[in-house]
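Only the coordinates and a few stated rules stand behind these numbers; no lab work does. Being a predicted model, the structure only gives us computed values, none of them experimental. Backbone-built Cβ (ideal geometry, glycine too); neighbour counts: all protein chains shown.
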Amino acid sequence: MASNSEEFDFDRHAEEIGVNADVLDLDAARASRTRPAPGPDDIAGTHFDVPLDDEPTPGGGAVAVPVLAGGRRQVIPSALASWANIRSTVRHAAGLAGHIVAFHAVRTPWYLAQAGFWASVGLFRLAGRQLRWWWLTEQHGLRQAAAAGNEPDVWLKLQKEGKRTRLWRFCVLAAEAMGIAIGGPVAYALAPGWAVGLAVAGAVGYLAHVGRPADRPILSTAVVAGRFRRINPDIVLRAYYSAGLGHPDRAGQKVDFGSTMARDNSNTGSQVSVDLPYGKTFDDALKARGSIASGLDVSINQVFITKDKSSHRRHTLFVADRDPLAIPAGRTPLLDCKPRDIWAPAPFGLDERGRKVDLLLMWISVLVGAQPRKGKTFSARLLALYAALDPWVKLVLVDGKNSPDWDKFRLVAHRTVFGVHPNARDTDPITHLLEALREVKKHIEAVNEVLSTLPPSLCPEGKLTRELARSPKYPDLRVWLLIMEEFQVYYETDDQNVNKEIASLLSYIIGVGPSAGVVILSSSQKPSGVGAGDVQRLFNRYRDNHAARFALKTGNRIVSEAVLGGDAYAEGFDASSLPTGKEYLGVGYLYGLTDDTPTVRTFLADHGDAEKILTAARKHREAAGTLSGAAAGETIVRDVRDVLADTRSVFAAGEAGLHWPTIAARLAEQIPEHYADTTAESISAQLRALGLQSVDIKAGGTVLKGARLAGIVTAIQSRDAA
């Protein structure tokens, strides 16, 4: 160590090198850290400060205090600015207090056990402290120093002073002991019970405090303040410059801020308005989201960029404290089982900032797409459950995968179709699907016909209204919901003619249906590469005409584009980039409803929840008298044609046999509603499947394959006999 004469002069050295050596208050500096103004020697005018918070900020304190115009702070805090806010604040405070009380109440026995143990330790520890106080142990070092320094006068003085002090302290301790020994029993006998209880509790609490180790608190913490990265302007600038969205040293290429950085209203993250350099756009920032997240040193799931309507180079950057997509949105609000209104928005989930996402089903069609087991069916079913709770909505359910997920909808659905091939729940699904789609088409035509006859006073703008849809005077003007689960399977049946009719009907329904009050809810895990020729063209038309798209995790970018559309990828939305993991089930992009594309965490309604909701929905329909079709136990007339009898009817007198093209043409002419698209190959296949042989027929001087009348009669007799 240097001697006093050689002591280093820090102040003089600081002056020599031109450094301000004033003491810096680190806490104050951290609290008031802002972006410094460019100095004369600071070319870039920026610095990059990136440390984590040393300590968690209780409650997630604001980075900056929100202010009004002119830099004025709000007179009344936003939490108390209105009755709605006051109620919300009181509700939040009451909920927090209730949680704390319940948390500690459950742990009270453990707290008492710990208090008793540490109080016994504290009793001995307090006694030891008092003995050390009585014996004046702190003077021992001074006497030793006097003896070592050969200072007998000092030692004798300290010794005499010690004796007097110990005598006085002994008297104090003796009085204390006598007071406890005599006063304790007297107070116990005379004082009321509550006072004795308070005294014992206070004594035990104090002794437990004395006895427990400093790092072993008896009471646990009911609410833990989370740690989060403090986002300051320098970190944001570093992120944007490293992402190539500007340059600090080039004129006109600096990134600027359009607002003060602050905590967002949900207190789950920090936000700031960012102005990009001229020529850079919102799309550039959206594409660079991953690079921005890297520059901020956070997960990409924590970075969200929202368009600003005032300028295409301005946007709002929101950085969440933690990954919001891994936080479940919770159970669906529909579990209250109250009647709903299809004309009001349906609760769908929460966005990345915890805001409720609603979806108005009227006038639109919704496409849900994803990989298997990513929440596709649950998401679509959530919207269908909302419609089911409106007793005035008629449901038509088509489940292409024939799964248990939609089984309970038979409680309320007007029509149901399950699977592609005959099964335990549906003996002829393809036929039933065609009949259901034809009924929907007829309903659309009937609605448009009725609306065209109504005066403007009842039907403004020629559109269906809520009053008309619920009026007993117009029972045909109900809102319908067509649910098409895994709709792609119906474009790939074994019969190409059936595929064409299904494709044609669905194309018509999605094109005209929404304006007539028919809501289409479709889901698919294979939204592209289906069918061939006209079927493929009609499939793409049906898929692309959905107004709203919800894409959960997809396998690749191509599938994401098929669900969301090609424009979505150009705007930076790729469902294949969504995170993978059980905690991210039900997370997807909701595209096409607004200018923003929120990342939604859907509410949860499992099988038990769905059954509960649908049971209540059936009761609402029974009370309103709107239960219909299969759910009401009505026998739906199946328009099933007897193809043998129909073929027999096209034979003229004296004709023993006909070529297949002739039979197809006559069926199409005489029974066009069922055989308009029939070809020679399809009618041949249907009749041969019923046991009729295809034979050579000579007619009009030409020999072609066809059917004999005698063979048809024999086939009919054999079938009837069986």
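Qualifying chymotrypsin sites (Phe, Trp or Tyr not before Pro) in the range 561-617, where qualification requires a DSSP coil assignment and no more than 15 other C-beta atoms within 10 Å, are lacking entirely.
Near the amide H of Leu359, within less than 5 Å, lie the amide hydrogens of Ala346, Phe348, all on another chain or at least 5 residues away, with H placed in the peptide plane. Look at the dipole of the chain built from charges on Cβ: of Ser120, Tyr386, Leu521, the Cα furthest out on the positive end belongs to Ser120. Ordering Gly197, Gly211, Gly244 by Cα displacement along the dipole of the range 196-246 toward the positive end leaves Gly244 in first place; charges were set at the Cβ atoms of Lys, Arg (+1) and Asp, Glu (-1). Relative to the longest principal axis of the Cα atoms of the chain, helix 429-453 runs at roughly 90 degrees.
Against the 2.2 N^0.38 Å scaling, with N counting residues, where does the range 356-462 land? I'd like the Cα-based Rg ratio to two decimal places. Scaled against compact globular proteins, the figure is 1.27. Using only side-chain charges placed at the Cβ, +1 for Lys and Arg and -1 for Asp and Glu, the dipole size of the chain relative to its Cα centre rounds to 2120 debye.
Using Cα pairs closer than 8 Å and at least 6 residues apart in sequence, work out the relative contact order for the range 192-293, in percent. Relative contact order for the range 192-293 comes out at 20 percent.
Here Rg and Dmax of the Cα atoms in Å was computed from the coordinates, and among (1) 39.3, 146; (2) 40.4, 152; (3) 30.6, 101 the match is (2). The mean sequence distance of close C-alpha pairs (under 8 Å, at least 6 residues apart), as a share of the length of the chain, puts its relative contact order at 11 percent. Cross-link check: pairs Lys280/Lys553; Lys254/Lys280; Lys376/Lys401 evaluated at a Cα-Cα cut-off of 19 Å; pairs beyond the cut-off: Lys280/Lys553.
Sorting the segments 314-323, 194-203, 151-160 by their residues' average number of neighbouring beta-carbon atoms within 10 angstrom, most packed first, yields 314-323, 151-160, 194-203. Taking square-rooted eigenvalues a ≥ b ≥ c of the alpha carbon gyration tensor, is the range 242-364 rounded, prolate or oblate, where a/c under 1.5 means rounded and, failing that, a/b exceeding b/c means prolate? Prolate. For the range 404-503, the number of Lys pairs with C-alpha atoms closer than 24 Å, counting only pairs eight or more positions apart or on separate chains, is 7.
I'd like the orientation of helix 83-106 relative to the chain: the angle between its Cα long axis and the longest Cα principal axis, in ° from 0 to 90, rounded to 10. For 83-106 against the chain, the angle is about 70 degrees. Given charges of +1 on the Cβ of Lys and Arg and -1 on the Cβ of Asp and Glu, with all other atoms neutral, how large is the dipole of the range 554-695 about its Cα centre, in debye to the nearest 20? Taking the Cα centre of the range 554-695 as origin, the dipole is about 560 debye. Summary of packing: across the peptides 232-242, 621-631, 458-468, 162-172, the per-residue average of other C-beta atoms within 10 Å ranks them, highest first, as 232-242, 621-631, 458-468, 162-172.
Angle between the Cα long axis of helix 376-388 and the longest principal axis of the chain, 0 to 90 degrees, nearest 10? Between helix and principal axis, roughly 80 degrees.
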